[in-house]
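A short write-up of the structure that comes next.
The values are calculated or read from the model by the stated rules, or taken from the named source; none is laboratory data. All figures in this text were calculated on a predicted structure; none of them were measured in a lab. Here the Cβ positions follow ideal geometry from the backbone for every residue, glycine too, while neighbour counts run over all protein chains shown. These area figures cover heavy atoms from the full protein model, side chains too; ligands, DNA and RNA do not enter into them. Shrake-Rupley method; radii C 1.70, N 1.55, O 1.52, S 1.80 Å.
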Amino acid sequence: MITNHDIVMIGGGGAGLRAAIAIAETNPNLSIAVVSKVYPMRSHTVAAEGGAAAVIKDNDSLENHIHDTIAGGDWMCDQDAVEYFVNEAPREMIQMEHWGCPWSREPDGTVAVRPFGGMNIERTWFAADKTGFHMLHTLFQTSLKHNNITRYDEWFATKILVENGRCQGVTAIELRSGKIEVIAGKATIMCTGGAGRIFPFTTNGAIKTGDGMAMAYRAGVPLKDMEFIQYHPTGLPGTGILITEAARGEGGIMLNKDGYRYLQDYDLGKPLDIDDPSHPVKKSMELGPRDRLSQAFVAEREKERTIPSSYGHVVHLDIRHLGEKKIDKKLPFVRELSKNYAGIDPVYEPIPVRPVVHYMMGGIDTDINGATSLPGLYAAGECACVSINGANRLGSNSLTELLVFGARTGKAAARFALEVPHPDKNSLELQTADEQKRITRNFFRKGRGTERIFSLRKEMNETMETSAGIYRSGKSLKETCDKIKELKDRFVNIDLEDKSLNFNTELTSALELEFMLDVAEAIAYSALKRTESRGSHQRSDFPERDDENFLKHSMAYQTNTKPHIDYKDVIITKWPPGERVYGKEK
């Protein structure tokens, strides 16, 4: 069966909903499908706690935000995209206000902002510490106003359909019935989020399995800058649940086993040499870039100054000095999470934390309009790489990115959809039949396979954490590349015990694992080929940044054997590469 729309959105989180709203407002006659494997309010945007960056205060400027973003990304950002992003950010945030997002306020009624890592000026808007929840709720309720948006909740997209040289929709499994159908469109937008579940310890929810990235990769679209994986320095041990950067933005400090504020010993990006401990740069060392804080944790562990726990080594995040009143006003969710998942009350005890995989700077290669190299296919949000995040995303830029590039990509896809004919139904039916046969052959074969989903996934998690984590080396990355190939070879022998169709979670887990192995392959080979250290990509065998050879985006293309890694230049407009400086006075 084929269902036709003008534009198909894959993913119902912040980027997908913002794109759908932009299309609906641009042209109410366009038919829009929003396909999501979970109910939209369960999309991972809901988990973001800290805030969203945009210039709003008189002591800030667009130039400052641009510089912080480019320097924070270690000059791997495309500067035309960053300029557009920073200029559009305030308008998008004010639009969210008009749609009902309850931004926290100063006593005089103006929008409140808080400091965030790598930003020299306070510019992060927030709604207590449930910002993502309130933003997603605002976008979801706004989308309900538009009758031309049709939702496909709990439909799992499996394949991009390509015919006549352009993307014409996707195949998707309706999870309730198990049937595979075509959801066709003149344009398709991937908004499926990241792939943190490739790693064992992550802030990402169970749905973040790289589906959109892998579908684009299989369709011939390159994955860009996949080696850049961001670790957040403060995840709860055992669960990976995030303790938001807002806790440090409000004044939380990091302590080792001796109760020592150890970050003062580390280079957070060439800080100023300031003796005065009251200077804001000295006081805000916890708000250095996330990559540098995570690397400092590794150094502390090597010096045996971390704290052993049943879930590995940790350090302490101390917010006790903020007091109960401020914690309950500004960080209520931090207190709730600490009580429920760490068994401590941060009003009275420090919070045990450790670095945890949080965000993927890389993703589906797009231009500034969200368009990919495959006509008709677009991408926005964490699954895309436009690229504004470079080698290290600054905290609170990602929620704003969902809005800015969700809107821009939606408008671009709408223009494209008005210029092309409807999809070729006969061809799409044949491709859907092939996809049905592939799934039946691979997962519902007669006889029993020898491999299990859990075992393969566990081995993938372990090799990625060990070899492609905070620090990498050529030797470890080569071992991981070989291991991923082995796991992909073994995957063909996977066995499903559940042969039913209705809500077959074992089947969806297998499909997700297949997607993750493709994305893991792109990460490992991209990291192996980048023989330098930059931002979140730290090579112990190549510790220096190498602008001469690697001021370039990596481009991973899928082949029948191993990925082909190519490169293209970073777009430099006004800000030539320089020393990465943190706390620079202007």
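Under the condition of being among the β-branched types (V, I, T) and open to solvent by 20 Å² or more (accessible area, probe 1.4 Å), which residue from the stretch 483-507 is farthest from A206 (Cα to Cα)?
V492
What helices (runs of 4 or more DSSP H), lying completely within the stretch 1-109, carry at least 3 residues that are more than 23 Å from D367 (Cβ to Cβ) and open to solvent by 50 Å² or more (accessible area, probe 1.4 Å)?
79-99
Residue check: is G118 in a loop (DSSP other than H, G, I, E, B), over 22 Å from E435 (Cβ atoms) and open to solvent by less than 20 Å² (accessible area, probe 1.4 Å)?
So G118 fits the description; yes.
In the stretch 402-438, how many residues are touching a Phe, Trp or Tyr at 6+ places or on another chain (Cβ under 8 Å) and at pLDDT below 95?
Qualifying residue count, the stretch 402-438: 0.
Any chance you could count how many residues in the stretch 297-318 are open to solvent by less than 10 Å² (accessible area, probe 1.4 Å) and free of Cβ contacts under 8 Å to residues at least 40 places away in the same chain?
Count: 0.
Right, V519: open to solvent by less than 20 Å² (accessible area, probe 1.4 Å) and out of contact with any Ser or Thr (no Cβ under 7 Å at 6 or more places or on another chain) or not?
Here the answer is yes, as V519 does meet what is asked.
The conditions are (1) touching a Ser or Thr at 6+ places or on another chain (Cβ under 7 Å); (2) assigned to a strand (DSSP E or B); (3) not hydrophobic (A, V, I, L, M, F, W, C), and Q168 fails exactly one of them. Which is it?
(1)
May I ask you to list the residues in the stretch 171-213 that are over 25 Å from K411 (Cβ atoms) and not in a loop (DSSP other than H, G, I, E, B)?
T171, I173, E174, I180, E181, V182, G196, R197, I198, T202
Listed here are the residues, each with its yes/no results for (1) in contact (Cβ under 8 Å) with a residue 40 or more places away in the chain; (2) outside any loop (DSSP other than H, G, I, E, B); (3) among the hydrophobic types (A, V, I, L, M, F, W, C).
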| site | (1), (2), (3) |
| --- | --- |
| K488 | no, yes, no |
| L511 | yes, yes, yes |
| I523 | yes, yes, yes |
| A527 | yes, yes, yes |
| E544 | no, no, no |
| N549 | no, yes, no |
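Hey, any hits in the stretch 190-213 for a residue that's farther than 27 Å from G117 by Cβ and open to solvent by 10 Å² or more (accessible area, probe 1.4 Å)?
Yes: the stretch 190-213 contains one or more residues that are farther than 27 Å from G117 by Cβ and open to solvent by 10 Å² or more (accessible area, probe 1.4 Å).
Being among the basic types (K, R), part of a helix (DSSP H, G or I) and either touching a residue at least 12 places away in the same chain (Cβ under 8 Å) or under 15 Å from T171 (Cβ atoms) (or both) narrows it down to one residue among R438, R393; which is it?
R438
Part of a helix (DSSP H, G or I) and over 22 Å from the mean Cα position of the chain (by Cα) - does that describe any residue in the stretch 491-501?
Looking for residues that are part of a helix (DSSP H, G or I) and over 22 Å from the mean Cα position of the chain (by Cα), one finds at least one in the stretch 491-501, hence yes.
Does at least one position in the stretch 131-139 carry a residue that is of a type outside the set (D, E), closer than 17 Å to E250 by Cα, in contact with a strand residue (DSSP E or B) (Cβ under 8 Å, 6 or more places away or on another chain) and open to solvent by less than 20 Å² (accessible area, probe 1.4 Å)?
Yes, there is a match, as at least one residue in the stretch 131-139 is of a type outside the set (D, E), closer than 17 Å to E250 by Cα, in contact with a strand residue (DSSP E or B) (Cβ under 8 Å, 6 or more places away or on another chain) and open to solvent by less than 20 Å² (accessible area, probe 1.4 Å).
Residue under question is F454, and the condition is that it be closer than 28 Å to F199 by Cβ, surrounded by fewer than 13 Cβ atoms within 10 Å (Cβ to Cβ), under 29 Å from the mean Cα position of the chain (by Cα) and among the hydrophobic types (A, V, I, L, M, F, W, C); does it hold?
Yes.
Scan the stretch 439-454 for residues that are at pLDDT 90 or above and either more than 17 Å from I494 (Cβ to Cβ) or among the basic types (K, R) (or both) and report the count.
Looking only at that region, the number is 1.
Determine which member of the set A414, A407, A433, A384 is surrounded by 22 or more Cβ atoms within 10 Å (Cβ to Cβ), over 22 Å from D78 (Cβ atoms) and small (G, A, S).
Criteria check complete, one pass: A414.
Of everything in the stretch 460-482, what is open to solvent by less than 50 Å² (accessible area, probe 1.4 Å), in contact (Cβ under 8 Å) with a residue 12 or more places away in the chain and in a helix (DSSP H, G or I)? Give them in sequence order.
Correct list: M460, N461, T463, M464, S467, G474, L477, T480, C481.
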